[in-house]
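Reading through the structure tokens given below for one structure.
The values are calculated or read from the model by the stated rules, or taken from the named source; none is laboratory data. Nothing here was measured: the structure is a model prediction, and the numbers come from that model. Please note: Cβ atoms are built from the backbone with ideal geometry, for glycine as well, and neighbour counts cover all protein chains shown.
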Amino acid sequence: MKARLLALLALATAAPLHAADPDADLAAALARRDVAAVARAIERGADVNGKTPDGRTALMVAAGAGDAALVRGLLEAGAAVNTTNGRGGTALMYASVRGDLDTVTALLEKGAEVDARASNGWTALMIASASGYADLAAVLVDAGANVDAADIYGWTPLMRAIHEGRTEVVRLLVKRARPTLEARDEADATALHHAAVVGSLESARLLLERGADRGARDRAGRTPAMAAAEAGHGALAELLECKGREEC
């Protein structure tokens, strides 16, 4: 076993496992999300790529726990970096849920697929955008993440960041990643429609500065200004209705 994994095992404080089958020990440890027990079971010969019935692996558990050192040890021991669970989730997605830059970097360095999609269409960038992890979003964008990758509802990372009020992520995506501003969700709404509905003046201004279309209409025939007014965001509706730069 690789030195880093052995070092982790030496530091483990939980009581040793006595079952004869290390794979059974690993399955039990994975079910409990017990990273120390996972490491011990693998040291005793368990399959580093063994899975629980729902598809979780040791690498996913370690990534989800934010244990970057164990993640690196597992990768060195042969853990498959792009294995998916029963819902299409990968270790990179588990690490992204925590906003764990160290673990994400370790996974990307070993070939983690940055645009892998879960069954709901979410990518690691979608997770980072929805969670407000601007630093993580930047790392993923720099690694080549598709900023326009939409989920099963047609929502892009930009739309999700706007909806969740993640203004720093919105700023990062708009100014650095240059997403397609006129992308449409399943209701034919654009990112500017999303900003209008939630009443985000700052997001709307960022989009308008980049040339977002004030006149785009969703499936219901509403412009962003109409959507803002309908949602009770008068000041934003006013901003979206103005036509010329001086008037705005």
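Observations
- Residues of the stretch 218-248 that turn out to be within 29 Å of the chain's Cα centre (by Cα) and over 19 Å from V170 (Cβ atoms), as a count: 2
- From the list T156, T180, the one residue that fits, being surrounded by fewer than 23 Cβ atoms within 10 Å (Cβ to Cβ), of a type in the set (S, T, Y) and modelled with pLDDT of 95 or more, is T180.
- Residue match in the stretch 38-54 (condition: modelled with pLDDT of 90 or more and either under 20 Å from S96 (Cβ atoms) or not assigned by TED's automatic domain parsing to the domain that holds M93 (or both)): no
- If the condition is being of a type in the set (K, R) and either closer than 16 Å to G154 by Cβ or touching a Ser or Thr at 6+ places or on another chain (Cβ under 8 Å) (or both), then the stretch 175-229 contributes R184, R214, R217, R219.
- Leading residue by the ranking (surrounded by the most Cβ atoms within 10 Å (Cβ to Cβ)) among those in the stretch 137-150 that are of a type outside the set (A, V, I, L, M) and in a loop (DSSP other than H, G, I, E, B): N146
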